[in-house]
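Any read-out appearing in this document is the output of simple, stated calculations on the displayed coordinates, not a laboratory observation. This is a predicted model, so every value here is computed, not measured. Every residue, glycine among them, receives a Cβ derived from its backbone with ideal geometry; neighbour counts consider all protein chains shown.
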Number of protein chains: 2
Amino acid sequence: MGALEISEEALSRLADDALARVKRYWSALPELPAAPRSDGAATAALFARPWPEAGLGQAVLADFEAIAAHARPSGGKFFGYVVGSAEPVGVIGELMAAALNQNVTSWRSAPAATEIERAVIGWLGEAVGCAGFAGSLCGGGSAANLMALAMAREAKLPANESGVLSPGIVYASTEAHMAIPKAVALLGLGRDNLRRIPVDAELRMRVDALAAAIAADRAAGRRPIAIVATAGTVNIGAVDPLPALADLAAREDLWLHVDGAYGALAALAVPEKFAGLDRADSLALDAHKWLYQPIECGCLLYRDRARARAAFTDSGDYIRILNDSPAETFAFFEESMELSRRFRALKLWLSLQYHGRAAYRAAIAQDLRHAQLLAEAIAAEPALELVAPVPLSAVCFRHRAKDNVAILRRMLARGRVYVSNATIGGEFVLRACFVNHRATEADVRAIVSETLAAAEELNR
Amino acid sequence: MGALEISEEALSRLADDALARVKRYWSALPELPAAPRSDGAATAALFARPWPEAGLGQAVLADFEAIAAHARPSGGKFFGYVVGSAEPVGVIGELMAAALNQNVTSWRSAPAATEIERAVIGWLGEAVGCAGFAGSLCGGGSAANLMALAMAREAKLPANESGVLSPGIVYASTEAHMAIPKAVALLGLGRDNLRRIPVDAELRMRVDALAAAIAADRAAGRRPIAIVATAGTVNIGAVDPLPALADLAAREDLWLHVDGAYGALAALAVPEKFAGLDRADSLALDAHKWLYQPIECGCLLYRDRARARAAFTDSGDYIRILNDSPAETFAFFEESMELSRRFRALKLWLSLQYHGRAAYRAAIAQDLRHAQLLAEAIAAEPALELVAPVPLSAVCFRHRAKDNVAILRRMLARGRVYVSNATIGGEFVLRACFVNHRATEADVRAIVSETLAAAEELNR
């Protein structure tokens with residue numbers, strides 16, 4: 001028996017113990033504070049320990065409760081950042097995926113997982129009005145945006161062979177996510193060649209300003225390559241004017257990438273807000289955001305599989321040696337920067353079918369309603385002020401009179417709701433984002449009462 | 001109640017059902033064929049279906065057995081590629097990690113997960129003789145190699161701001177993994193600027209040839225930036241001469257990256273084979289290979305955290321607004337290309353402590369022994385021929401008289417063992433790689449008998 005073998009009985013006991021702890025955690029979620037009571041030194045002291053020479057056996061599971069006590073819970077009180085609420089069928093999907101341990105590099109390595117990922121990619125494409133797009137699942141928005149811009153670079157100013165000899169210019173609004181400059185830097189294009197285009201009063205990219213920037217670059221002899229539209233800015237959920245941007249991209253022969261990591265999946269419930277999405281060359285989505293899946297489950301969709309292959313194929317023909325049917329020679333690594341890939345599609349496969357499409361549509365619609373409800377409650381409260389429109393489910397607001405940094409600190413310490421912050425017009429403001437299938441109207445109303453209670457504490 | 005809510009009872013039943021299926025799968029693993037009996041059309045037909053409008057509920061789990069039947073099992077018969085064997089404590093760690101749903105961007109977002117990842121990074125660094133290295137977990141070797149070369153580029157020929165204006169030169173052996181040219185291409189350095197250095201008879205990079213290539217590039221006015229050593233080539237497990245490469249890198253002021261995705265963790269059992277690893281600037285490891293963890297669990301270690309920050313920081317100071325202790329302002333995304341990150345460290349935390357360091361050392365030593373055992377069995381068999389040395393646990397061999405492509409097809413169809421293939425000296429050969437804690441001596445011996453049986457079938 002190998003050194004790491006576990007008897008069937010011991011493994012069964014271990015798994016039962018682990019699942020029992022997970023179930024207790026799920027049951028306790030509604031009662032957990034919105035933020036853990038952690039500080040750096042205490043948390044480090046709990047978990048700073050050497051790798052023991054001798055095994056501890058099942059006793060290792062006893063750490064679970066300490067970990068949970070120093071973890072941010074995905075309960076109905078969480079409205080920070082853009083983080084989904086870990087739908088539990090998806091969690092169970094992760095268990096099954098880990099047990100199956102498929103390396104979803106290619107059909108040859110993982111037949112069922114490859115077909116399921118392709119099926120799920122089809123569902124996601126249809127859900128956002130982009131039926132027929134190809135794509136793959138990936139780690140998240142950062143990976144999807146990076147791969148999309150790699151495809152754009154290779155399509156418009158190829159650099160894979162010779163390198164970036166004269167950088168292409170990329171355009172995104174001032175509200176675009178930090179993943180965009182990070183991708184531009186990684187790809188060797190240079191952040192200096194990312195133009196941050198100003199936004200209108202609703203924080204959408206200004207098409208006139210974009211057209212002027214493109215013209216100025218062309219006049220200076222520089223080479224525009226891509227427009228990055230945002231479909232749901234991280235701060236307020238603004239959706240850039242996709243049809244006008246698609247027209248401009250077509251006219252200027254530029255790649256149109258849409259960063260829909262936060263927002264695009266809302267097209268399932270409100271397709272009218274996302275008209276023009278199907279004109280993108282590539283589209284980033286995060287199922288771990290607005291499809292509530294456990295982290296991580298990003299997705300890149302693209303119109304033309306050949307563009308992905310031009311950007312990422314580096315494998316020669318070796319997988320074609322043993323098989324020759326198109327299905328059996330399919331390899332994700334020829335269309336993605338990843339080689340080893342886990343079976344991310346299984347959680348979506350199980351969770352999306354368990355609940356059905358109507359339930360997902362209703363959950364997203366509820367998030368949108370919750371955001372409007374919060375916006376109305378803030379508007380009705382004289383001490384508070386809404387600082388931006390609410391086109392999707394992110395609500396930015398401030399206390400008119402108090403230090404909002406101090407209020408946020410107090411709110412997190414109180415633990416009734418978790419909100420985060422944003423910078424709007426250069427100012428620190430509070431922000432609540434609804435991609436949470438567990439949140440109730442009471443939780444939404446608590447955001448207002450907790451802001452006021454935190455402000456009141458500052459008077460003491 | 002929200003559209004996606006599940007009652008505690010229904011969720012408990014669902015989770016029990018799922019775990020029971022996983023346990024049955026684990027119990028059946030020894031009996032499963034080494035490769036699924038799948039073909040492209042049949043697998044697609046099983047899983048090509050629309051996302052249903054109405055939910056299916058617990059019935060979705062019934063797909064599990066069909067998926068497993070069309071999945072490559074991680075049992076003791078698998079010796080293909082370099083894929084670990086999904087140690088089940090790690091699998092349970094994935095369940096717990098998904099339930100906790102931590103977004104391990106930063107301490108602020110995930111205190112316990114951040115501390116545990118830092119602890120585990122410390123363990124991995126120590127295990128390979130690189131105590132004190134910083135790092136983070138990532139998707140796999142492709143991501144780790146890409147990030148390492150991004151750090152190298154930024155350290156030696158910064159491009160994040162202005163772009164790659166004159167490409168730097170990167171050196172790797174002809175045996176380096178395809179992740180290296182892929183990373184060089186993505187970074188905008190250009191595959192033309194990757195020098196493939198010839199290898200010696202044991203398929204290790206030739207230091208004299210490397211020195212000559214560097215001198216030639218300098219003489220031509222080009223700018224060398226990085227050497228990529230491989231510690232365990234994917235084909236045969238060759239370890240490039242690390243001390244001599246480190247000396248050369250120091251003399252030439254080049255970044256030394258070691259791609260140890262497959263091999264470096266064997267330093268836990270045979271540190272003498274990896275002398276010099278601690279002189280690397282960066283080191284890629286895959287715990288989903290030689291620590292047997294479920295996919296995916298890659299790791300990048302680096303000597304100087306400031307180099308990672310120079311390559312990846314793009315966030316300004318916004319996380320410093322609410323906290324000011326060094327522990328509490330720590331953010332992985334300032335040292336990694338990822339933003340959203342799942343709690344990969346939990347499976348390592350549980351699995352490594354469950355079994356203890358001695359058991360992992362023994363398991364790796366057993367893989368090394370299994371490789372030697374196979375090499376000896378092949379040497380003793382006149383019809384077969386070992387085609388390369390076996391410095392670690394990858395064994396390349398061929399049938400002397402028969403078509404080895406046809407033999408491999410037959411071996412996979414027979415289903416007793418799963419081996420894959422490699423190209424050695426331009427020739428298609430068979431390859432068995434041992435990173436499998438479930439394999440027994442009988443499985444190892446079956447590789448020989450199955451090769452002979454497959455060859456025999458070709459006579460019929």
How big is the charge dipole of region B:205-258 about its Cα centre, in debye rounded to the nearest 20, if each Lys and Arg gets +1 on its Cβ and each Asp and Glu gets -1 on its Cβ?
160 debye
Log10 I(q)/I(0) at q = 0.06, 0.07, 0.08, 0.10 Å⁻¹ for the protein assembly as shown, from Debye over equal alpha-carbon scatterers, is -0.38, -0.53, -0.70, -1.13
List, in the order given, every pair from A:K23/A:K77; A:K156/B:K182; A:K23/A:K289; A:K289/B:K77; A:K347/B:K77 whose Cα-Cα distance in the structure shown is over 29 Å.
A:K289/B:K77
Might you report the magnitude of the Cβ-based charge dipole of the protein assembly as shown about its Cα centre, with Lys and Arg at +1 and Asp and Glu at -1, to the nearest 20 debye?
480 debye
Measuring label to label, 7 Å along Cα→Cβ, what does B:D208 give against each other copy in nm, shortest first?
7.1
With a ≥ b ≥ c from the Cα gyration tensor eigenvalues, square-rooted, and the rule rounded for a/c under 1.5, otherwise prolate when a/b > b/c and oblate otherwise, region B:66-190 is oblate
How high is the FRET efficiency between A:F428 and B:A306 when r is their beta carbon distance and R₀ equals 30 Å, given to the nearest 0.05?
0.60
State the Cα centre-to-centre distance between region B:71-142 and region B:177-226 in whole Å.
31 Å
What net charge do the residues around A:V387 carry, taking every other residue with its C-beta under 12 Å from that of A:V387, with Lys and Arg at +1 and Asp and Glu at -1?
+1
In chain A, taking the dipole from +1 charges on Lys and Arg beta carbons and -1 charges on Asp and Glu beta carbons about the Cα centre, the listed residue (A:S393, A:L300, A:G90) farthest towards the positive end is A:S393
Based on the alpha carbons, how large is the Rg to Rh ratio for region A:93-355 when Rh follows Kirkwood?
0.97
Honestly region A:1-142 on the Cα gyration tensor test (a ≥ b ≥ c root eigenvalues; a/c under 1.5 rounded, otherwise a/b vs b/c for prolate or oblate) is just oblate
Within a Cβ distance under 12 Å of A:A45, other residues only, what is the Lys/Arg minus Asp/Glu net charge?
-1
In nm to one decimal, list the spacings between the A:A383 label point and its equivalents in the other copies, with label points set 7 Å along Cα to Cβ, shortest first.
8.6
Selection from B:P167, B:L350, B:G276 lying farthest towards where the dipole of region B:93-355 points positive, charges on Cβ
B:P167
Got a sec? How would A:T423, A:T105 order by Cβ neighbour count within 10 Å, fewest to most?
A:T423, A:T105
What residue among B:A442, B:T43, B:G57 has its Cα farthest toward the positive end of the dipole of the protein assembly as shown, where the charges are +1 on Lys, Arg and -1 on Asp, Glu, each on the Cβ?
B:T43
Percentage relative contact order, region B:93-355, counting C-alpha pairs under 8 Å, at least six apart:
29 percent
With a sphere of radius 13 Å drawn around the Cβ of A:E202, what net charge do the other residues whose Cβ falls strictly inside it have (Lys, Arg +1; Asp, Glu -1)?
0
Before anything else, pin down the relative contact order of chain A: Cα pairs under 8 Å, at least 6 apart, normalised by residue count, whole percent.
22 percent
Calculate how many DSSP beta bridges within region A:93-355 are antiparallel, expressed in % of all such bridges and rounded to the nearest 5.
40 percent
Where the centroid of each part is defined by its Cα atoms, how far is region B:409-434 from region A:292-313 in Å?
30 Å
Is there a quick way to get the dipole size of region B:93-355? I mean about its Cα centre, with the Cβ of Lys and Arg at +1 and of Asp and Glu at -1; what is the value in debye to the nearest 20?
340 debye
Quick check on chain B: helices-only [θ] at 222 nm, where DSSP H runs of length 4 and up contribute -39,500 (n - 2.57) each and the sum goes over total residues. Nearest 500, please.
-13000 deg cm²/dmol
